[in-house]
Each structure stands twice: as structure tokens, then as C-alpha cells.
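What follows is a short report on a single structure.
Bear in mind that the values in this text are calculations on the coordinates, not laboratory data. All of these numbers come straight from a predicted model, not from anything done at the bench. Every residue, glycine among them, receives a Cβ derived from its backbone with ideal geometry; neighbour counts consider all protein chains shown.
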Amino acid sequence: MGVVTYDFEVTSPIPPARLFKAIVLEYSKLYPTVAPQAIKSIEVEGDGGPGSIVTFNFAEGLPQQYVKVEGVDQSNFSYKYSIIKGGPLGDKLEKISYENKFTEAAGGGTVCKSLMKFYTVGDSVFTEEEIKALIKSTEGIYKALEAYLLANPDVCN
């Protein structure tokens, strides 16, 4: 098994506290609402905190994805989780771990910094092109969430 690490950064006009609440604390309610074409439902085993297992049930033709929550720090707007089964893992990856931190951007909004670790199976190789394609495939859900929050200023305040 090898580990490939990748740093990724994205900005949003949404303030850190509100974006954190939407993505980390209220995702099980919001994602199926803002992206029904992609996410049918989300099931949470546990209280949503560390040790919880989250099942994402995607639209037809897409595999379920199982995520283990490893850490949530509301005071520092950071969280850790791993995709442990299904989704993008295929036969090349054992798991994908994410460490995310939301900070205030200069001029307002949020900078989200993400450290991703891709744990490969055996001698499998996971390339930067595959990583970028994975990021792009999830971009639509995040953009839909951002648009929803901008259109609904009372949500997640």
C-alpha cells in the first residue's frame, strides 16, 4: 500500500461559520435538497461526530459511498473524515482521507484548505489527473450548496 497526498484549496463567498455548518453539521439535510439529481438520501449511524458512519445514497447508476467521521472541531472550523467503502475507491484505493479547515478569506468569505490522502491497494498508482477528475466530479454538489446558501440567507445562520 502506498499513500499519495494532495493539497487543495477553494474559496467561497459564504462566511466560514455558515459554510462549516452547512457542509459539516447540516449536510444530511441539505445535500439531498440542493443536489437531488446526485444525492437521493444520506443515512447517519451515530451522532454525526467521530466514529459515525455516513452512507451517501447517490442517484441511479452511482455506487453508495460510506464515510467515517474522524474529527469535528467546531471552534476551529475543521473536520476529518475518510471514504472507507464505495464511491470513487474502485479497485485502486483502500480509502481516501480528508482533513479540511475553513478560514476567513481576505475581503470576506471562506478559504477551505483540504489535505487529501489516497491510500492505494498493493502497487496501484493514483495519478494527479485522477485526483483532479475526482475533485471536479464533486464540484457540482458544492457549487449547488453555495448557490442555495446565497439564495437562502436564513439557512445555516
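Here are the numbers for this structure:
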{"read-out": "Burial ordering of THR120, THR127, fewest other beta-carbon atoms within 10 Å first", "value": "THR127, THR120"}
{"read-out": "Computed Rg/Rh of region 1-71, alpha carbon atoms with Kirkwood Rh", "value": "1.00"}
{"read-out": "Percentage relative contact order, region 46-157, counting C-alpha pairs under 8 Å, at least six apart", "value": "15 percent"}
{"read-out": "For peptides 131-139, 31-39, sequence by mean Cβ density within 10 Å, most packed first", "value": "31-39, 131-139"}
{"read-out": "Distance from region 95-157 to region 22-81 (C-alpha centre basis), Å", "value": "13 Å"}
{"read-out": "Out-of-range pairs (alpha-carbon distance over 22 Å; input LYS21/LYS95; LYS92/LYS117; LYS85/LYS117; LYS40/LYS136; LYS68/LYS95)", "value": "LYS21/LYS95"}
{"read-out": "Amide H partners (placed H, <5 Å) of LYS40, local residues excluded", "value": "ASN57, PHE58, ALA59"}
